[in-house]
Amino acid sequence: MVNLQKVEQHVTTEGQRKKNKRKKQVLVPRPACSWVYFSKEFIKEYIASHPESPGLKAATKAASNAWKSMSLEEKEKYARHAREVWDGYLSSGAAPNPKPRKQTKLVTRCSPGRLFKVLQRLTPEQKEAVKSMGFGSLLGLRCRTLRRSLCLWLLERFDTTNCSLEICNVDVPLTPNDVEMVLGLSASGKEVVNSGPEDMISDLRNSYNAINHGISVRLLEEQLATAESGDDFKRSFVLYVLGTLLCPTARLDVSPSFLHFLTNMDLVHQYNWGKFLLDRLVREVLRFHQGKQRTVGGCLLFLQLFYYENISLEGSSAPVPTIVPYLFSWGEEEIAEREKREKELGGYGSGELASKKKCHHMEFPEYRDHPDGPLITTEISRIGHGPLRPESNEVMMPLPFITSLLACPQKHVRRQKALFCTYNFYSYEPNSFTFLL
């Protein structure tokens, strides 16, 4: 026999649960901005003085045109009112406390694989043009995918105030010199300024069909597919690199503001790209931390490779000569092996900070993925670790002899270990080498 009392209790409980579910928390609306206060006042007067007006759409358009033509002094009245309303909103406690967002999936426009495909199609003349701008190191890109779990882990430990990473209970500062070590981009020179009069870049914006929006990445890919290697190619290449690898934003296109420092392509190699990349990365990560955007901008590949090279794992083999920039050392196979080892040790951060002296040994790899590409070396004195002093067991060899050695097919000759070398870092033109005897 059914217990009627229990049935009544069950019905009452279900009804109360549904009633509570339908109840919504009543929140005070967020205050409007200064434009809204102006438009309400303007539209009311406009409709009264223009009875023949077709409707609200025409009045709103007129309000928009009037707002754009107003000076800052004229707008101050409405801006002051908006601030007063906003201050009252905050002081009343009506503003809800934002819930901390824990993002489990990384969304980013940083795409080394997309750039990798474009690099494979470049002609020898175009590669020379890339080197002349100081971006020659990117021709050695081997990594095609980001390890998003690692990047998200690093973003959680990124201190935008001090521009550092908290790894292994240590705050590791990030500097433009680190960008130079990782990516091979210049960490000295003129500051990159992406602002100025709009009329200076109006023609360039027209050429990229970027009047009211950004520069299409697909359009840049089409332009880079041509055999041209002059200033138009150089400008499109730099825009493409910035938009897909070095300084991507949350948007799908490339910011036209970059055109301000690309009006004269003869000056591109003089810029401090390391500082520019790092400043943009800090800005994008800060916006992500503040919850202003779900997509993470900035060069996340830099963070990924910086972690691999500066955190050594327990039980790894004996130290090997380091290739600089680090970009050349990490292909898909190397990264997969590293990630496997990370999991075996319990996850990221299980290693220890590598010694700063590890960069004092270099090796000439065979550059398998790019047979026509440069042999990889570095100039320690300009990277920021101090010049190395030749010991008694080292000898300087003339460039023609070194060239013949590097052209030799024997692997044991091509992989000679060196302690020191000097060369034009950004165009891969070696001047001299020091080999161990």
Taking the stretch 236-269 and keeping residues in contact (Cβ under 8 Å) with a residue 12 or more places away in the chain, open to solvent by 40 Å² or more (accessible area, probe 1.4 Å) and farther than 30 Å from THR161 by Cβ leaves THR263, LEU267, HIS269
Which of the residues belonging to the stretch 64-79 are loosely packed, with under 11 Cβ neighbours inside 10 Å and of a type outside the set (Ser, Thr, Tyr)?
-> ASN65, LYS68, LEU72, GLU73
HIS213: passes all of (1) out of contact with any Phe, Trp or Tyr (no Cβ under 6 Å at 6 or more places or on another chain); (2) surrounded by 18 or more Cβ atoms within 10 Å (Cβ to Cβ); (3) part of a loop (DSSP other than H, G, I, E, B) but (2)
Right, GLU180: farther than 30 Å from LEU155 by Cα and either assigned by the TED database to the domain that holds THR244 or without any contact (Cβ under 8 Å) to a residue 60 or more places away in the chain (or both) or not?
-> no
Does any residue of the stretch 185-192 turn out to be open to solvent by 10 Å² or more (accessible area, probe 1.4 Å), among the basic types (Lys, Arg) and assigned to a helix (DSSP H, G or I)?
-> no
Failed criterion for GLU198 (all others in (1) at pLDDT 90 or above; (2) surrounded by fewer than 17 Cβ atoms within 10 Å (Cβ to Cβ); (3) out of contact with any His (no Cβ under 7 Å at 6 or more places or on another chain) hold) | (1)
Only one of LEU146, LEU139, LEU119, LEU155 is in contact with a His (Cβ under 9 Å, 6 or more places away or on another chain) and within 16 Å of PHE288 (Cβ to Cβ); which?
-> LEU155
Of everything in the stretch 45-74 that's of a type in the set (Ser, Thr, Tyr) and not in a loop (DSSP other than H, G, I, E, B), which residue is nearest to TRP35 (Cα to Cα)?
-> SER64
Return a yes/no flag: does the stretch 288-298 have any residue that is under 26 Å from ARG121 (Cβ atoms) and not in a loop (DSSP other than H, G, I, E, B).
-> no
Are any residues in the stretch 50-63 at pLDDT 85 or above and open to solvent by 90 Å² or more (accessible area, probe 1.4 Å), and if so, which ones?
-> LYS61
Selected residue (only one of LEU303, LEU345 is touching an Asp or Glu at 6+ places or on another chain (Cβ under 7 Å) and either at pLDDT 85 or above or outside the structural domain of LYS127 (by the TED database) (or both)) | LEU345
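The values are calculated or read from the model by the stated rules, or taken from the named source; none is laboratory data. It should be emphasised that the depicted structure is a prediction, and the values quoted were computed from it without experimental measurement. Every residue, glycine among them, receives a Cβ derived from its backbone with ideal geometry; neighbour counts consider all protein chains shown. Note: accessible area is taken over every heavy atom of the protein model, side chains too, but ligands, DNA and RNA are not part of it. Shrake-Rupley method; radii C 1.70, N 1.55, O 1.52, S 1.80 Å.
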